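Participant: Pasting in a structure now, in structure tokens, and then I'll have a few things to ask.
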Amino acid sequence: MIWDETHWERTTRDFYKRLLEVRRRQAVLRRGDYQTLLADDASGVFACLRVLGQERALVVFNRSNRPVRVTLSAAKVGPAPLTDWLNSGLKLERQEGQWILDLPERGAALFGR
């Protein structure tokens with residue numbers, strides 16, 4: 001473990017701090033029912049949904065070294081609106097019964113309501 005803060009990867013540290021803060025604020029991330037929506041090794045994309053009552057959390061990861069477009073069934077994800085809980089600037093758009101999300105390489109998204 002590196003204790004000297006000048007050698008820390010601050011971007012990674014700040015990202016995990018944001019994740020932990022959102023998890024503390026959103027009960028759905030701690031106690032919601034879990035459903036895998038997409039697990040695609042070829043594209044490197046993983047998406048899951050957590051549901052607790054009327055609350056929903058959509059989590060999407062791109063573990064590849066290239067940007068990807070993720071398409072998910074709106075019937076499985078549920079109705080709009082979903083808010084970007086990480087304030088990442090990513091846009092989740094609904095088109096013709098699907099949710100569309102463009103993720104950068106090694107990107108992650110967390111949307112909920």
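Participant: Pick out, in residue order, every one of the trypsin sites (Lys or Arg not before Pro) in region 1-75 that is DSSP loop and has at most 16 other C-beta atoms within 10 Å; say none if there are none.
Facilitator: R63
Participant: Could you tell me the relative contact order of the chain? Use alpha-carbon pairs under 8 Å, at least six residues apart, and round to a whole percent.
Facilitator: In percent, rounded to a whole number, it is 23.
Participant: Oh, and also: Give the residues of region 55-73 whose amide nitrogen is closer than 17 Å to a point set 7 Å from the Cα of T12 in the direction of its Cβ.
Facilitator: Once the point is set 7 Å along Cα→Cβ of T12, 62-65 turn out to lie under 17 Å by backbone N, inside region 55-73.
Participant: Starting from 0 in steps of 10 Å, tell me what percent of the Cα-Cα pairs of the chain lands in each bin.
Facilitator: For the chain, the binned pair fractions read 13, 43, 32, 9, 2, 0 percent.
Participant: Another question, then. What residues from region 30-52 fall in the zone where the backbone N is under 14 Å from a label point 7 Å along the Cα-to-C-beta line of S73?
Facilitator: So the set is 35-39, 49.
Participant: Roughly what angle does helix 10-25 make with the longest principal axis of the chain, taking Cα atoms, 0 to 90 degrees, to the nearest 10?
Facilitator: The angle comes out at about 50 degrees.
Participant: Give the calculated FRET efficiency between R23 and R106 to the nearest 0.05, with a Förster radius of 22 Å applied to their Cβ-Cβ distance.
Facilitator: For R0 = 22 Å, the calculated efficiency reads 0.60.
Participant: Loop sites only, by DSSP: take the chymotrypsin sites (Phe, Trp or Tyr not before Pro) in the chain that have at most 13 other C-beta atoms within 10 Å and name the longest stretch containing none of them.
Facilitator: Here the longest run is 9-113.
Participant: For each of E55, E93, count neighbouring Cβ atoms within 10 Å of the residue's Cβ, then give the residues from fewest to most.
Facilitator: The most exposed by this proxy come first: E93, E55.
Participant: Would you order I2, I100 from fewest to most other beta-carbon atoms within 10 Å of each residue's own beta-carbon?
Facilitator: Sorted ascending by nearby Cβ count, the order is I2, I100.
Participant: Using +1 at the Cβ of each Lys and Arg and -1 at the Cβ of each Asp and Glu in the chain, identify which of A57, F46, G89 lies farthest towards the dipole's positive end.
Facilitator: Of the candidates, A57 comes out farthest on the positive side.
Participant: Oh, and also: Find how much the distance from R113 to E55 grows on full extension, using 0.36 nm per residue of separation minus their present alpha carbon separation; answer in nm with one decimal.
Facilitator: Taking 0.36 nm per residue and subtracting the Cα distance, the gain is 20.3 nm.
Any read-out appearing in this document is the output of simple, stated calculations on the displayed coordinates, not a laboratory observation. None of these values were measured; they are calculated from a predicted model. Neighbour counts are summed over all protein chains in view; Cβ atoms, including those assigned to glycine, are modelled from backbone coordinates with ideal geometry.
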